[in-house]
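No lab work stands behind these numbers, since they all come straight from the coordinates. Quick caveat: nothing in here was measured; it's all calculated off a predicted structure. So basically every Cβ, Gly included, is an ideal-geometry build from the backbone, and we count neighbours across all protein chains shown.
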There are 2 protein chains.
Amino acid sequence: MMLRPSTFRRLVDLQDGRVEMAHGGGGRAMAQLIEELFVANFDNDLLRQGNDQACFPIASGRLAMTTDSFVISPLFFPGGDIGALAVNGTVNDLAMAGAEPLYLTAGFILEEGFPLRDLKRIVQSMARAAKAAGTAIVTGDTKVVERGKGDGVFINTAGLGRVPAGIDIAADRARPGDAVLVSGSIGDHGIAVLSQREGLRFESPVESDSAPLCGLVADMLAVAPDVRVLRDPTRGGLGATLNEIALRSAVGIELREEAIPVSPGVRAACDLLGLDPLYIANEGKLIAICPPETAAALLAAMRAHPLGREAAVIGAARADPHRFVEMETAYGGKRLVDWLAGEQLPRIC
Amino acid sequence: MMLRPSTFRRLVDLQDGRVEMAHGGGGRAMAQLIEELFVANFDNDLLRQGNDQACFPIASGRLAMTTDSFVISPLFFPGGDIGALAVNGTVNDLAMAGAEPLYLTAGFILEEGFPLRDLKRIVQSMARAAKAAGTAIVTGDTKVVERGKGDGVFINTAGLGRVPAGIDIAADRARPGDAVLVSGSIGDHGIAVLSQREGLRFESPVESDSAPLCGLVADMLAVAPDVRVLRDPTRGGLGATLNEIALRSAVGIELREEAIPVSPGVRAACDLLGLDPLYIANEGKLIAICPPETAAALLAAMRAHPLGREAAVIGAARADPHRFVEMETAYGGKRLVDWLAGEQLPRIC
């Protein structure tokens with residue numbers, strides 16, 4: 001460290017200190033926070049160069065770029081925290097284009113008074129998540145707002161990824177007859193966060209499914225490069241995400257309720273709280289839509305990956321000028337899976 | 001618009017409506033806000049595709065990637081607003097690597113109750129700024145937090161740019177003997193925001209200098225491809241930024257106070273308020289450091305550009321194991337230009 005430690009030491013106390021306005025002021029306190037917290041934990045050559053941007057060579061090809069802000073409350077929850085979520089969420093948005101993550105950026109909006117010890121936990125969690133996804137946080141930004149003008153920590157991540165040659169995945173590519181698959185049980189993230197927020201205890205505890213999907217997607221594309229649509233059903237859950245795909249692709253989608261995996265804990269919580277798992281957020285699941293002849297191979301590849309063990313074919317796209325998402329219920333009836341008009345659970349990611 | 005207007009209409013009223021939690025919920029209200037506000041104004045093919053990421057082909061070479069969050073208060077100020085600032089700030093972080101901006105991302109954190117009319121003004125301002133800088137906002141994200149958990153609007157932008165071949169600019173490249181230049185008068189942004197915030201009126205009104213510096217930088221690199229360091233002195237101003245360069249490059253820097261351009265309005269405001277223009281934020285100025293033999297050509301190129309008309313050589317780097325920034329004052333004395341320990345003006349960007 002080159003930062004004259006004797007005079008710097010007292011400006012950032014990662015054990016007992018709190019976020020102060022000076023930590024966002026562009027002076028010595030901010031420089032020390034960046035060095036001792038962010039650079040020390042994210043630890044990579046590009047970040048260590050200390051420029052206001054990261055520069056790197058790139059080979060020609062197709063890139064994917066994405067961004068997400070994270071305002072989840074509470075910041076820590078069963079199965080994850082805002083830090084891991086902020087990395088996985090952006091990695092997954094890249095993966096949904098078939099892209100392998102290259103680099104991430106991180107922008108922090110901190111509320112004055114937030115414990116630096118908690119911020120350190122979050123940053124360490126981000127560093128672990130980035131490593132697990134095979135990527136790195138190469139540049140960032142820190143802002144501080146006065147007490148009562150924020151809510152602890154908000155994090156934005158942006159990501160850059162590389163799309164392998166020959167892959168063309170987009171929300172408008174579903175065609176009538178295509179198979180609709182999901183990579184595992186739905187609703188875990190939303191129920192985990194809700195139960196933490198409301199202090200609920202269930203017999204089967206539910207953990208967030210927050211996870212990086214880039215490895216699963218790579219395995220899927222290896223056997224099924226003709227996958228047409230990939231989407232991670234986050235806010236709005238499976239229901240909202242399928243409606244968006246139906247809208248963009250100008251198709252209807254027919255689901256079979258019995259085929260949709262829901263864990264016993266999520267089912268019990270939803271029954272108790274009057275929630276519909278179809279609209280509960282997921283942070284480690286994906287929807288895949290592929291030509292019918294590819295579905296069996298794709299399903300097998302998904303089930304062979306730790307994050308796709310419970311993968312299932314849950315329905316099919318069909319011609320429908322109304323672009324409705326419909327579901328054959330467990331009782332043999334049919335129900336419209338509409339858009340949510342509003343939101344079921346606020347600040348879930 | 002494909003979004004069934006009859007049922008959608010009432011969910012977003014851009015004239016008299018306010019931000020509601022549902023606008024961040026992942027359902028129909030959010031989809032409508034994105035279509036009618038963001039896609040309609042940012043208006044480009046990549047965004048219109050409606051995927052959770054933008055995909056584009058790229059030629060091999062060096063890229064720059066950066067991010068900044070903007071939490072400025074007030075949101076509107078003389079000479080700009082948070083929207084223009086969010087675009088220019090990230091464009092400038094790319095330009096400080098010599099990079100031409102390619103694509104931007106935008107992440108919004110909105111406070112419940114914020115007037116949609118004001119959000120529309122901000123979004124339109126971002127769209128204009130992006131166009132002026134020759135770039136586009138190609139993907140984004142919207143989150144909503146409850147009243148009292150945010151402060152109107154926070155914006156994160158991330159940017160991707162292309163570094164021309166042969167350009168190598170970084171904060172650690174200054175060498176003893178190098179010339180230090182600034183592109184114009186300092187302190188305008190900070191004083192403009194402060195006066196708006198505090199309701200101050202000055203005889204010479206001060207406007208923010210918020211502007212995209214990519215065009216100026218391109219002209220500079222055309223005559224002086226050997227520029228070693230570029231930095232925009234935002235938070236912490238010229239003083240903090242030069243200290244950071246001195247630290248990274250392991251040099252001292254000697255300034256001449258008389259050579260540093262300060263507008264009469266900024267000087268008067270600083271005298272009145274007891275502020276030092278050296279530490280006031282700028283949003284449309286840059287510091288350039290180059291070999292001494294290049295300085296004259298570089299200065300001429302800067303002065304030939306509308307954003308560099310008041311450019312000046314303000315000092316030089318020198319060997320100094322202490323890495324001090326010192327200034328010869330107008331009275332012939334010498335003073336240490338130290339780091340700010342804290343911050344002079346909170347939430348200036």
Take every residue in peptide B:143-149, count the Cβ atoms of other chains within 10 Å of its Cβ, and give the average of those counts.
6
Along the positive direction of the dipole of the protein assembly as shown (beta-carbon charges: Lys, Arg +1; Asp, Glu -1; about the Cα centre), which of A:97, A:314, A:274 reaches farthest?
A:97
List the distances, in nm to one decimal, from the label point of residue B:264 to the label points of the same position in every other copy, shortest first, placing each label point 7 Å from Cα along the Cα-to-Cβ direction.
8.2
If I model a spin label as a point 7 Å beyond the Cα along the Cα-Cβ vector, how far apart are those points for residue B:309 and residue A:16 in nm?
5.6 nm
Measuring from its Cα centre, segment A:196-264 shows a charge dipole (+1 at each Lys and Arg Cβ, -1 at each Asp and Glu Cβ) which, in debye to the nearest 20, is 260 debye
Taking every C-alpha to C-alpha distance in segment A:179-336 and binning by 10 Å from 0, the per-bin percentages run 11, 41, 35, 12, 1
Within segment A:160-194, list the residues whose amide N lies under 18 Å from a label point set 7 Å along Cα→Cβ of residue A:328.
A:176-182
From the Cα centre of segment A:196-251 to that of segment B:69-100, the distance in Å is 34 Å
Summing +1 per Lys or Arg and -1 per Asp or Glu among the other residues with Cβ less than 11 Å from residue B:325's Cβ gives -2
With +1 assigned to the C-beta of every Lys and Arg and -1 to the C-beta of every Asp and Glu, and no other charges, what is the dipole magnitude of chain B about the Cα centre in debye, to the nearest 20?
580 debye
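Please give me, ordered by residue number, the trypsin sites (Lys or Arg not before Pro) of segment B:195-303 that lie in loop per DSSP and have at most 11 other Cβ atoms within 10 Å. Intermediate results must be reported in sequence, preceding the final value.
Numbers: sites: B:197, B:201, B:228, B:231, B:235, B:248, B:256, B:267, B:285, B:303; in loops: B:201, B:228, B:235, B:285.
Filter output for segment B:195-303: B:201.
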Which whole-number percent is the relative contact order of chain B (Cα, under 8 Å, 6+ apart)?
21 percent
At residue A:61, label 7 Å along Cα→Cβ: distances to the other copies, nm, ascending?
1.9
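With +1 on the Cβ of every Lys and Arg and -1 on the Cβ of every Asp and Glu, and nothing else charged, how large is the dipole of the protein assembly as shown about its Cα centre, in debye rounded to the nearest 20?
On the way: 68 positive and 86 negative charges, 52 e Å.
Rounded to the nearest 20 debye, it is 240 debye.
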Loop-only GluC sites (Glu not before Pro) in segment A:156-208, please: DSSP not H, G, I, E or B, and at most 11 other Cβ atoms within 10 Å.
A:203
Based on the Cα atoms of segment B:21-163, what semi-axes does the equivalent ellipsoid have, where each is the square root of 5 times one gyration tensor eigenvalue, given in whole Å with the largest first?
25, 18, 12
Ignoring solvent entirely, what values of log10 I(q)/I(0) come out of the Debye formula for chain A at 0.10, 0.11, 0.12, 0.15 Å⁻¹ when each Cα is a single scatterer?
-0.63, -0.75, -0.87, -1.23
Any idea what the residue B:13 label distances to the other copies are, label 7 Å down the Cα→Cβ vector, nm, shortest first?
5.1
Sum of side-chain charges, residue A:69 neighbourhood, beta-carbon under 14 Å (Lys, Arg +1; Asp, Glu -1)
-3
In peptide A:109-118, what is the residue-averaged number of other protein chain Cβ atoms found within 10 Å of each Cβ?
1
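Give me the inter-chain shielding for A:229-236: mean count of other chain Cβ atoms within 10 Å, whole number please.
Values: counts 1, 2, 2, 1, 1, 2, 7, 6.
Mean partner shielding for this stretch: 3.
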Counting only C-alpha contacts under 8 Å and six or more residues apart, can you give the relative contact order of segment A:179-336 as a whole percent?
43 percent
Do you know the relative contact order of segment B:1-157, to the nearest whole percent, from alpha carbon pairs under 8 angstrom that are 6+ apart?
35 percent
Toward the positive end of the charge dipole of the protein assembly as shown, about the Cα centre and with charges on Cβ (Lys, Arg +1; Asp, Glu -1), which of B:220, B:125, B:259 goes farthest?
B:220
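Could you tell me which trypsin sites (Lys or Arg not before Pro) in segment A:115-169 are loop residues by DSSP with no more than 16 other beta carbons within 10 angstrom of their beta carbon? Mind dumping the intermediate values first?
Working: sites: A:117, A:120, A:121, A:128, A:131, A:143, A:147, A:149, A:162; in loops: A:147, A:149.
Here the trypsin sites (Lys or Arg not before Pro) that fit, given the DSSP loop and packing criteria, are A:147.
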Along the positive direction of the dipole of segment B:11-116 (beta-carbon charges: Lys, Arg +1; Asp, Glu -1; about the Cα centre), which of B:66, B:17, B:33 reaches farthest?
B:66
With a Förster distance of 45 angstrom and the Cβ-Cβ distance between residue B:147 and residue A:168, calculated FRET efficiency to the nearest 0.05 equals 0.55
Report, as a whole number in µm² per second, the diffusion coefficient that Stokes-Einstein gives for the protein assembly as shown at 37 °C and 0.692 mPa s using the Kirkwood radius over alpha carbon pairs.
127 µm²/s
Only bridges with both residues in the protein assembly as shown count here: give the DSSP antiparallel percent, nearest 5.
80 percent
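Mind scanning A:334/B:143; A:143/B:334; A:149/B:143 and naming the pairs with a C-alpha gap bigger than 25 Å? Each step should come with its number before you reach the end.
Values: A:334/B:143 33 Å; A:143/B:334 33 Å; A:149/B:143 15 Å.
Long pairs (Cα-Cα over 25 Å): A:334/B:143; A:143/B:334.
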